[in-house]
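The values are calculated or read from the model by the stated rules, or taken from the named source; none is laboratory data. For clarity, every value in this text was computed on a predicted model and none was experimentally measured. Methodologically, a virtual Cβ is constructed for each residue, glycine included, from the backbone with ideal geometry; neighbour enumeration extends over all protein chains shown.
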Amino acid sequence: MTSGAAGTRPDPTAADGEEAGSSPGVRVERDGAVATLVLDRPGAMNSLTTAAKEDLLAAVSDVAADDSVRCVVLTGTGRAFCVGQDLREHAEVLARGDVDALWSTVPRHYNPVALALATMPKPVVAAVNGVAAGAGASFAMAADLRLVAEGAGFNLAFTGIGLSADSGATWHLQRIVGAGRALDLLLRPRTVRAAEALAIGLATEVVPDDALRERAAAVAAALADGPTLAYAAVRRAVAFSASHDLATSLEHEAGLMASTGATRDHADAVRAFLAKETPVFRAR
């Protein structure tokens, strides 16, 4: 949820010629079977007001349910990917003492966004164009791949303002970098720059700043042309196996293998392989 962090404290109200909240929360761009969700409050470092969270949740839910979308990209505009909660709005609600409004946003907005990103039946790519802090980092970690601009970084900023973590940070981070390093980054938040993020597995790939959108589009297009149903099954299997023993995970894998094996995509791919042709996947 949080915006800002010990050591860096990105200011969600610092404008680049724009008042915080003056731009739409999220913009959806389509290119064939790829949907790109662009967090679009650059003057506020793409921090999240209530309106922006509702826009993001609606956009994520729409692309998750749209069968014509076969890959989703999440990115930001300006110098940030997303720094989490808009602290200006948060401070106003805190001053009013509206406890319900203050904390209901986690189950109402943050949790559903994180869950949809992690569980939709299609690949998700985070194109991390700048700092990803707090819930912004959590949303990036919910993606399958994190393409990170050289000038970008991650900050698990929650404890920097006296909060615990949300939006799946504690679930995803330890699975990506290990429990010990996850605790270090959560208890002693700092900005993990792109090169270090790559070294510890937090970044999938580091890309020159000016090439990020082009690289993300190419990766997403390749995924959108791939076996969407198999990708969805793999996403489910990895999440399931993370919290089950080997025997149960093997049984789960067997069921998913049977279901994907019954698809037209599988039959067509086998025929293409035997004919030495490139398979065409139609997500059916």
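So which residues in the range 113-135 are surrounded by fewer than 16 Cβ atoms within 10 Å (Cβ to Cβ) and within 19 Å of S164 (Cβ to Cβ)?
Kept after step one, since they are surrounded by fewer than 16 Cβ atoms within 10 Å (Cβ to Cβ), are these residues of the range 113-135: 115, 119.
Listed by number, the list holds a single entry, L115.
Do you know which residues across the range 221-263 are hydroxyl-bearing (S, T, Y) and either surrounded by fewer than 16 Cβ atoms within 10 Å (Cβ to Cβ) or under 18 Å from V63 (Cα atoms) (or both)?
Quick first cut of the range 221-263, residues hydroxyl-bearing (S, T, Y) only: 228, 231, 241, 243, 248-249, 259-260, 263.
Answer for the range 221-263, where residues must be hydroxyl-bearing (S, T, Y) and either surrounded by fewer than 16 Cβ atoms within 10 Å (Cβ to Cβ) or under 18 Å from V63 (Cα atoms) (or both): T228, Y231, S241, S243, T248, S259.
If you check V280, V270, which single one turns out to be out of contact with any helix residue (DSSP H, G or I) (no Cβ under 9 Å at 6 or more places or on another chain), at pLDDT below 95 and not assigned by TED's automatic domain parsing to the domain that holds A35? Outline the logic, then answer.
Values: V280 fails: out of contact with any helix residue (DSSP H, G or I) (no Cβ under 9 Å at 6 or more places or on another chain).
Going through V280, V270 in turn, just one is out of contact with any helix residue (DSSP H, G or I) (no Cβ under 9 Å at 6 or more places or on another chain), at pLDDT below 95 and not assigned by TED's automatic domain parsing to the domain that holds A35: V270.
Filtering the range 68-106 down to residues that are in a loop (DSSP other than H, G, I, E, B) and not β-branched (V, I, T), which residue is surrounded by the most Cβ atoms within 10 Å (Cβ to Cβ)? Full working, then the answer.
At the first step, the residues of the range 68-106 found to be in a loop (DSSP other than H, G, I, E, B) are 68-70, 77-79, 83-84, 86, 97-98.
Add one more test, that the residue is not β-branched (V, I, T), and what stays is 68, 70, 78-79, 84, 86, 97-98.
Values: S68: 10, R70: 27, G78: 18, R79: 16, G84: 34, D86: 25, G97: 8, D98: 12.
Residue satisfying both the conditions and the ranking: G84.
Could you check the range 189-214 and list, in sequence order, the residues that are free of Cβ contacts under 8 Å to residues at least 60 places away in the same chain, outside any helix (DSSP H, G or I) and either of a type outside the set (V, I, T) or outside the structural domain of G134 (by TED's automatic domain parsing) (or both)?
Selection gives R193, G201, P208.
Criterion first (closer than 26 Å to A222 by Cβ, among the acidic types (D, E) and in the same structural domain as L187 (by TED's automatic domain parsing)) does D98 satisfy it?
Numbers: closer than 26 Å to A222 by Cβ: no; among the acidic types (D, E): yes; in the same structural domain as L187 (by TED's automatic domain parsing): yes.
So D98 does not fit the description; no.
Which of the following residues is of a type outside the set (A, V, I, L, M), in contact with a Pro (Cβ under 6 Å, 6 or more places away or on another chain) and farther than 30 Å from P227 by Cα: G160, G130, G151? Step through it out loud before you land on a result.
Working: G130 fails: in contact with a Pro (Cβ under 6 Å, 6 or more places away or on another chain); G151 fails: in contact with a Pro (Cβ under 6 Å, 6 or more places away or on another chain).
Exactly one of G160, G130, G151 is of a type outside the set (A, V, I, L, M), in contact with a Pro (Cβ under 6 Å, 6 or more places away or on another chain) and farther than 30 Å from P227 by Cα, namely G160.
Of the conditions (1) crowded, with 18+ Cβ neighbours inside 10 Å; (2) within 21 Å of V73 (Cα to Cα); (3) more than 16 Å from the chain's Cα centre (by Cα), A211 satisfies every one except a single condition; which number is it?
For A211, the exception is condition (1).
Kindly establish whether A59 is among the small types (G, A, S), part of a helix (DSSP H, G or I) and at pLDDT 95 or above. Spell out the reasoning first.
On the way: among the small types (G, A, S): yes; part of a helix (DSSP H, G or I): yes; at pLDDT 95 or above: yes.
Answer is yes for this residue.
Suppose the filter is modelled with pLDDT of 95 or more, touching a Cys at 6+ places or on another chain (Cβ under 9 Å), part of a helix (DSSP H, G or I) and closer than 20 Å to K122 by Cβ; does A217 pass it?
The answer is no for A217.
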